[in-house]
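Right, one structure below, let's go through it.
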Amino acid sequence: MENAITHFALAGMPISCEPYGCGHINSTFLVVTDTGRRYILQKLSRNAFHDPKGLMENVIAITSYIGRQAVDPRQCLHLVPAEDGRLYYEDEQGEVWRVYDFVEDSICLQAAERPEDFYESAIAFGTFQNQLADFPAATLHETIPHFHDTPDRYRKFKEALAADVCGRAKDIQPEIDFVLAHEAEAGTLQRMRDSGELPTRVTHNDTKLNNVMLDAATRRALCVIDLDTVMPGLAAYDFGDSIRFGAATAAEDEKDLAKMEMSLDAYETFARGFLTACASLTDRERETLPWGAKLMTLECGVRFLTDYLEGDHYFSIHRPEHNLDRARTQFKLVTDMEEKWDQMGAIIRRVTGEN
């Protein structure tokens, strides 16, 4: 860490470097120099990202493109060059490091404290999508191949089920039945993308509130952070993952399923912000936003259940059935969305008409 920071063109000499934030993938530090300038130093996780240089090519391209449109410097992340002119540094062990200017006078929330916070996250992600509407998505690297390829997630689930290395399948038949009952519709968005019915866009793929920076004084959206999973995808992916996480009425690992449903109020709040900020969506894209919510939730549940069958090697767990509990909450959320399906579509049509 101390060696890496010396390879970047900082304003002043570093006087402190401390762990920072709540991220679980990359190693993140807050650096302060003797001039008072603050920076974010990160070491990329090679376990999560097998092509860190390709990832950085994505980040460089995206931040450069958005930066040219920004009015306030805080509306885009800014990479600090290394001493060799590159926007990252590779150390002798092959680890890749980067430095961002700290986004001053901003806050990052782990959970919405009021509906306006969720609305502003929608503005942020809708703006991100709109800013990149003309960006050539095909030029980006897939930092995690097949990340939102739901049929491929089903393929891996079936392999895990057939192998049943932990002997757990016999105790989770209702969950297995739920997954298999939804297989036919699971590939809906992927088929529409493959046929060209939905345009491939630049997507963030981790659209949680804690990946949005808000102005500390006004609580208005500034910019989107954590660009490591930016890849080619569908607008419905980003919309859907926001709903899966932000409109749920219970925690992702809640054991009492009676507490878990999708808040239609929160769904509408996000839809209003997203569609207000992202005017570039086609009519078909808008129509399929509810599918994004349902299928991103289903996909996430399938991933949790697959990991449970395989012995919990991907997602961190804090109790023996943690991944199973997570899968169950996602499936309960899918069921609730199905019960509210007509209302979800009506909200999108109403908000679209207003915009």
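For Lys255 and Glu83 in the same chain, what is the full-extension length gain: residue separation times 0.36 nm, less their Cα-Cα distance, in nm?
Contour length minus Cα-Cα distance gives 56.9 nm.
Taking every alpha-carbon pair under 8 Å whose residues sit at least 6 apart, the chain reaches a relative contact order of 17 percent. Between Lys158 and Lys53, full extension at 0.36 nm per residue minus the direct alpha carbon distance yields a gain of 34.6 nm.
Residues Tyr20, Tyr314, arranged from fewest to most other Cβ atoms within 10 angstrom of their Cβ, appear as Tyr314, Tyr20.
If R0 is taken as 35 Å, the Cβ-Cβ distance between Thr33 and Ala279 corresponds to a FRET efficiency of 0.30. Seen against the Cα atoms of the chain and their longest principal axis, helix 52-67 is set at about 80 degrees.
Using only the Cα atoms of the range 244-312, build the gyration tensor, take square roots of its eigenvalues as a ≥ b ≥ c, and label the shape rounded, prolate or oblate: rounded if a/c is under 1.5, else prolate if a/b is larger than b/c, else oblate. Oblate, since a/c reaches 1.5 and b/c is not below a/b.
Mean separation of Cα pairs under 8 Å and 6 or more residues apart, divided by the residue count, gives the range 2-104 a relative contact order of 27 percent. Counted by neighbouring Cβ atoms within 10 Å, the residues Trp341, Trp97 run from fewest to most as Trp341, Trp97. Each of Asp152, Asp253 was scored by other Cβ atoms within 10 Å of its Cβ. Arranged with the fewest first, they read Asp152, Asp253. How big, in percent, is the set of alpha carbon pairs in the chain lying more than 33 Å apart? Taking all Cα-Cα pairs of the chain, the fraction more than 33 Å apart is 30 percent.
Estimated at 0.36 nm per residue, the fully extended path between Arg114 and Thr335 surpasses their Cα-Cα distance by 77.0 nm. Placing unit charges on the Cβ atoms of the charged side chains and taking the dipole of the range 63-211 about its Cα centre, the candidate lying farthest along the positive direction among His148, Val71, Phe178 is Phe178. Rounded to the nearest 20 debye, the dipole magnitude of the chain is 380 debye, with +1 charges on Lys and Arg beta carbons, -1 on Asp and Glu beta carbons, and the Cα centre as origin.
Laboratory data are not the source of any read-out in this text; all were calculated from the coordinates shown. Given the structure is predicted, the values throughout are model-derived calculations rather than measurements. Please note: Cβ atoms are built from the backbone with ideal geometry, for glycine as well, and neighbour counts cover all protein chains shown.
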